[in-house]
1. Among all residue pairs at least 6 apart or on different chains, which show Cβ distances below 6 Å where the first residue, located in region 1-12, is without any contact (Cβ under 8 Å) to a residue 40 or more places away in the chain and the second is buried (at least 17 other Cβ atoms within 10 Å of the Cβ)?
2. Of all residues being without any contact (Cβ under 8 Å) to a residue 24 or more places away in the chain and within 17 Å of the chain's Cα centre (by Cα) in region 115-135, which is farthest from Met268 (Cα to Cα)? Just the residue, please.
3. Anything in region 156-189 that is modelled with pLDDT of 90 or more, closer than 18 Å to Ile256 by Cβ and either under 24 Å from the mean Cα position of the chain (by Cα) or among the basic types (Lys, Arg) (or both)? List them, or say none.
4. Might you let me know whether region 37-46 holds any residue that is assigned to a strand (DSSP E or B), in contact with a Phe, Trp or Tyr (Cβ under 6 Å, 6 or more places away or on another chain) and among the aliphatic types (A, V, I, L, M)?
5. For Phe219, only one of the following conditions fails: (1) part of a loop (DSSP other than H, G, I, E, B); (2) in the same structural domain as Gly99 (by TED's automatic domain parsing); (3) over 19 Å from Arg102 (Cβ atoms); (4) not aliphatic (A, V, I, L, M). What is its number?
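The values are calculated or read from the model by the stated rules, or taken from the named source; none is laboratory data. Because the structure is predicted, anything quoted here is derived from the model rather than measured. Positions of Cβ are generated from backbone atoms using ideal geometry, with glycine treated the same way; all protein chains shown enter the neighbour counts.
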Amino acid sequence: MDLRYLRYFVVVAEEANFTHAAQRLHTVQPSLSRQIQRLEEIIGTPLFKRIKRDRNCLRLTEAGRVFLDQSRAILEQVDKAIDLARQRARDEAGHLSLGFIRGSEMKILSGILPTLKERHPEMKISHSTLSEADLLDALEEGDVQVAFLSGPVDSPTLNSEIILRHRLLVVLPNAHPLSKLRTIQLRRLADMTLIRPIDDDSRFVQILHSIAATEGVEFSSTIKHDNVLSALHSVGLGLGFALVPDYHSEILPRNIVALPLDMHPQPMLEIAMAHRKDDRTPALAYFLSTVRELVAPTLV
């Protein structure tokens, strides 16, 4: 049954007059009469009694009274369903899922969340931390709308831009003789074990290989880790050294020091902000513009 029949029926019942109901519905009386007649044929019983002295005036039959109550309930439920669907659409438009390479989330979020909450308090933000490969997969599949990861990002389906640049620092145990230096040459670390990320294809590992090649250094051994905290723990135990972005200096244990590399220019890790090209939601556009405004000038 077409819901239009129910809406017409309710108005006719409320007006008890075809002419008045037609005016309220912005239609013509003959057309409205045919719609009601069609509805009565579908149901199989009259819904109105026509008053003989004025065929435009109507009274509900007993069946009509029952059908009126149920029609109002149905239309109310349909309107509620529409409102809920629209509200959910608004909620989704105001929701963003962010993804970060491990260790970068607090540095970036602390720079943007306060302003976002102040300017756009209804925006809901969720975030997760993943490996670089998993983060790209989540972005491509739509599980994450914005990803912050090592740049540059080369993908035909993604837009990306570099928003942060961080120096790479050498982290050593406090007890190591080299920890007293102001800066350190990479060749002096060649005999030590390099503690590096497990993902051989990550941009960060590629940067490490590039730095070693530039300095003509080959490391004697390596230990692989799956997150920065385990890497720092390994350094603290005296198992080797690691290279980390300078934003990790805020979480260094007391038994570890961070030293700049004696290189010119200083090696940098670039953080890119990436999103799908086909994502044109207003919340995303607003978020991107806010990050460009706040993060780029203040956190580089």
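1. Tyr5/Leu39; Tyr8/Gln35; Val11/Ala21; Val11/Leu25
2. Taking region 115-135 and keeping what is without any contact (Cβ under 8 Å) to a residue 24 or more places away in the chain, we get 117-118, 121, 134.
Adding the requirement that they be within 17 Å of the chain's Cα centre (by Cα) leaves 117, 121, 134.
On the way: Lys117: 31, Pro121: 35, Asp134: 23 Å.
The selected residue is Pro121.
3. Lys180, Arg182, Arg188, listed by residue number.
4. No, the conditions are met nowhere in region 37-46.
5. Of the numbered conditions (1) part of a loop (DSSP other than H, G, I, E, B); (2) in the same structural domain as Gly99 (by TED's automatic domain parsing); (3) over 19 Å from Arg102 (Cβ atoms); (4) not aliphatic (A, V, I, L, M), the odd one out for Phe219 is (2).
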